[in-house]
Amino acid sequence: KTLNEVPVGQTVKVTKLTGEGPVKRRIMDMGITKNSEIYFRKVAPLGDPVEITVRGYELSLRRDDAESVEVVTV
């Protein structure tokens, strides 16, 4: 399951990053790394981007980028 498929209000744990090159690097620079916990806060009115909380700060992430983050429910 990917971060893109998580319902609002759920906490998940990152298992794998599937993006390549600059996309993967950018996601890792935002603090989304293996074993980090992510709380899925809300979705923008038009469905993109999504807002998450990771490592104590709020972050907006495009749906395309969220698809490259594999997660499991905590």
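The values are calculated or read from the model by the stated rules, or taken from the named source; none is laboratory data. On a predicted model such as this, the values are computed, not experimentally measured, just so you know. Don't worry about glycine lacking a Cβ; one is built from the backbone with ideal geometry, like all the others, and counts go over all protein chains shown. Just the protein is used for accessible areas: all its heavy atoms, side chains included, with ligands, DNA and RNA removed. Shrake-Rupley method; radii C 1.70, N 1.55, O 1.52, S 1.80 Å.
A few points about this structure:
- Net charge dipole, the chain: roughly 180 debye, given to the nearest 20, about the Cα centre with Cβ charges of +1 for Lys and Arg and -1 for Asp and Glu.
- Where the chain is the region considered: accessible area per residue in Å², 1.4 Å probe: 59 Å²
- Extreme residue, positive dipole direction of the chain, given options V23, P49, T33 (C-beta unit charges): T33
- Among E51, E37, E20, the residue with the largest mean-square fluctuation in a Gaussian network model of the chain, with springs joining Cα atoms closer than 10 Å, is E20.
- Structure-derived Rg/Rh (Cα atoms, Kirkwood Rh) - corresponding label in (1) 0.97; (2) 1.07; (3) 0.91: (3)
- Label zone at K24 (point 7 Å along Cα-to-Cβ), backbone N below 13 Å, region 38-73: 68-70
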